[in-house]
1. Residues in segment 44-54 that are surrounded by fewer than 16 Cβ atoms within 10 Å (Cβ to Cβ) and closer than 11 Å to Tyr3 by Cα: how many?
2. Since Cys325 meets every condition but one in (1) open to solvent by 50 Å² or more (accessible area, probe 1.4 Å); (2) more than 17 Å from Ile429 (Cβ to Cβ); (3) away from the ligand (no atom under 16 Å from the Cβ); (4) not charged (D, E, K, R), which condition does it not meet?
3. On the given criteria, is Asn345 on the phi > 0 side of the Ramachandran plot and either crowded, with 23+ Cβ neighbours inside 10 Å or among the polar types (S, T, N, Q) (or both)?
4. Looking for something in a loop (DSSP other than H, G, I, E, B) and out of contact with any Leu (no Cβ under 9 Å at 6 or more places or on another chain) - is there at least one such residue anywhere in segment 1-15?
5. Output the residue which, of all residues in segment 294-322 that are within 12 Å of the ligand (Cβ to nearest atom) and outside any loop (DSSP other than H, G, I, E, B), is surrounded by the fewest Cβ atoms within 10 Å (Cβ to Cβ).
6. What number of residues within segment 172-194 satisfy the criterion of being on the phi > 0 side of the Ramachandran plot and over 26 Å from the mean Cα position of the chain (by Cα)?
7. Restricting attention to segment 64-76, does a residue exist that is closer than 30 Å to Gln442 by Cβ and buried (at least 16 other Cβ atoms within 10 Å of the Cβ)?
8. Across segment 152-168, what is the total count of residues that are part of a loop (DSSP other than H, G, I, E, B) and buried (at least 17 other Cβ atoms within 10 Å of the Cβ)?
Amino acid sequence: MSYKDEVLAYLHQKDAHESEFLQAVDEALDAIEPVLERKPHYRKTRLLERMVEPERVIMFRVPWIDDNGNCQVNRGYRVQFSSTLGPYKGGLRFHPTVNLSVLKFLGFEQTLKNSLTTLNLGGAKGGSDFDPRGKSDDEVMRFCQSFMSELFRHIGPHIDVPAGDIGVGGREIGYLFGQYKRLANEFSGVLTGKGVQWGGSLVRPEATGYGMVYFAQEMLAAHKDSLAGKTCVVSGSGNVAQYGVQKLLEVGAKPVTLSDSDGFIHDPDGIDEDKLAYVMELKNVRRGRIKEYAERFDVAYYEGKKPWDIPCDAAFPCATQNELCEPSAQALLRNGCRLVAEGANMPTVPEAAHLFVKAGILYAPGKAANAGGVATSGLEMTQNSMRVSWSFEEVDKRLRGLMQAIHESAYRASVDYGVRGNYLAGANIAGFTRVADAMVEQGFV
Ligand code: NDP
């Protein structure tokens, strides 16, 4: 049995109930199999077995009181996956679907993604099954304070630096930071995505969406093409989708869809800057539903549906995992879509991803295309350590440079391993190799 198959068989037996985690590991190990053949010494030190086991998992109770005086209890987590390349680093997700499997998948992905950024960042993920939907600001604050009351003893600017993810934006990071500062009695760069007045970096809110578009531009530029004039289908309407659309508009593309967990809107005239400003107010201030866009601008709304049947040149899944299934991939290909760049983490099911690879379209997996968020978090950490604040232009320039470097290393790895232009393989190989070689150098720990 090959080394990869042996490790997967062991993991499928041991973590049989963790479907998302197994899916993420299956995908990565499939892609890196040629590396294992070239570097048989990895097997001797049980490198894969170590890599798929988080260094530490912390689970805790989060008690809080709602506005009606009722006692509520949620479950909190931090999965500290790998500190091989630097302090643990990865977001916090507040969503009812959060469980250990989801956070282990995200922490595993994060380790390879952070490696790709070329920065010194380990991998982690955390969060809670708390549902911020319909909660008042006060309830969110009380929840965040209770969550941090336990988490604070496990994190620190040189230990573990969490950030946002689904359900955790600027508001939540503010409440979490306030409570950390109070308990630890120190003002430090313990979280990223902070407000710019108190240690945050310019461009961090925009970074994941902008970075995704920069990555798409790099892929197209390699084929002497650009995004100008291209019709783009975008899913989600949160942080990544909003700034992805903003950058698409800047580069002359035409985004025509947005979604949330209830359905999607299709605006054939294109979502322009004014309409995007409406979405930002709707989602970030009023915390309303995307359906209201359809009523406001008199366009079609598809309840309970995803936008992948809409004809497009490029697709940007920016909502959540497993949101793009095999029939959706077939529809995209049939309708002429030639580029898919993932803003979300693992939005494409494996069968759909294989269709994209087989069709030879430009397909960028999340660990490459959405790495701009964590890369800019890395820049926020650097600014915090140096006690400086770089300008918007400076951070944006560095973000762009990092996305170019990520593209280059994923592309180069695809060439080195004889699968030129296969970014799924290239990103996994490049991310894996850096972590693996560092693990070998650091000994059997
Ligand atoms: P937000 O919470 O800002 O937005 C999430 C969006 O996705 C919302 O429109 C939400 O709709 C929708 N969504 C969430 N869960 C589901 C679901 N189960 N089914 C359908 N739609 C859903 O999160 P982000 O924009 O920050 O994150 C989006 C994706 O990008 C995630 O996969 C995240 O891991 C990834 N990512 C984010 C980074 C960041 O910097 N923020 C960095 C790298 C990756 P609704 O309002 O109805 O819940």
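The values are calculated or read from the model by the stated rules, or taken from the named source; none is laboratory data. Given the structure is predicted, the values throughout are model-derived calculations rather than measurements. Here the Cβ is made from the backbone with ideal geometry for all residues, glycine too, and neighbour counts use every protein chain on show. Accessible surface areas use protein heavy atoms only, side chains included; no ligands, DNA or RNA. Shrake-Rupley method; radii C 1.70, N 1.55, O 1.52, S 1.80 Å.
1. 3
2. (3)
3. no
4. Checked segment 1-15: at least one residue is in a loop (DSSP other than H, G, I, E, B) and out of contact with any Leu (no Cβ under 9 Å at 6 or more places or on another chain).
5. The residue in question is Pro307.
6. 1
7. yes
8. Total satisfying the criteria: 4.
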